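Q: I have a structure here, written as structure tokens, and I will follow up with some questions on it.
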Amino acid sequence: MMCFMRTLHVRLLLISTLLLAACSSQSGTTSTDTTSSAPSSAMTNGSSVTIQNFQFAPQSITIKAGTTVTWTNQDSVSHTVTGDNGGPASGGISQGQTYSYTFTTPGTFTYHCTFHPMMKGTVVVTQ
């Protein structure tokens, strides 16, 4: 009986986690950010970051103001791109999907994955 209850608990926990991830990926975006399944190579006047092996690569990039950065998730699990103090706010990005954000003002913007807080990155925006 204890084994059955443990199995049931694990299944319920897994289902809850999957539902939470699905709901997170349905959050809205602003006019400066987009999520799509288009390949990042279609991007013009921008920069790209790959999400793979639970890392942002490159971890830090330097761009000019007005540049659009596109993150592409190549992991089999969902990730987010979430600014630490404003900036990008992607919601869940599934495998193969992209998220783009245009940085319009100079500064240093740190971000992380909400689902995996050890994943961190930085965008340095110059004039």
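Q: It is to be established whether one or more residues within the range 72-91 are modelled with pLDDT under 95 and not in a loop (DSSP other than H, G, I, E, B).
A: Yes, the range 72-91 contains at least one residue that is modelled with pLDDT under 95 and not in a loop (DSSP other than H, G, I, E, B).
Q: Please indicate, with yes or no, whether at least one residue in the range 60-70 is part of a loop (DSSP other than H, G, I, E, B), out of contact with any helix residue (DSSP H, G or I) (no Cβ under 6 Å at 6 or more places or on another chain) and more than 19 Å from residue 46 (Cα to Cα).
A: No; the residues of the range 60-70 include none that is part of a loop (DSSP other than H, G, I, E, B), out of contact with any helix residue (DSSP H, G or I) (no Cβ under 6 Å at 6 or more places or on another chain) and more than 19 Å from residue 46 (Cα to Cα).
Q: So how many residues does the range 92-103 have that are assigned to a loop (DSSP other than H, G, I, E, B) and of a type in the set (Phe, Trp, Tyr)? Give the derivation first.
A: Applying the first criterion (assigned to a loop (DSSP other than H, G, I, E, B)) to the range 92-103 yields 92, 94-97.
With the extra rule that they be of a type in the set (Phe, Trp, Tyr), the set shrinks to none.
Residues that pass the stated criteria total 0.
Q: Something else: Quick one: which of 51, 61 is in contact with a His (Cβ under 6 Å, 6 or more places away or on another chain) and not small (Gly, Ala, Ser)?
A: Answer to the selection: 51.
Q: So which residues in the range 104-127 are assigned to a strand (DSSP E or B) and in contact (Cβ under 8 Å) with a residue 24 or more places away in the chain? Even if it seems obvious, please write down each step before you answer.
A: Step one: of the range 104-127, the residues assigned to a strand (DSSP E or B) are 107-112, 120-126.
Those that are assigned to a strand (DSSP E or B) and in contact (Cβ under 8 Å) with a residue 24 or more places away in the chain: 109, 110, 111, 112, 120, 121, 122, 123, 124, 125, 126.
Q: Give the residue, chosen from 117, 58, that is more than 23 Å from residue 127 (Cβ to Cβ) and of a type outside the set (Gly, Ala, Ser).
A: Residue meeting the stated conditions: 117.
The values are calculated or read from the model by the stated rules, or taken from the named source; none is laboratory data. As the structure is a computational prediction, the values presented were derived from the model and not from experiment. Glycine also receives a Cβ, built like all others from the backbone with ideal geometry; neighbour counts cover every protein chain displayed.
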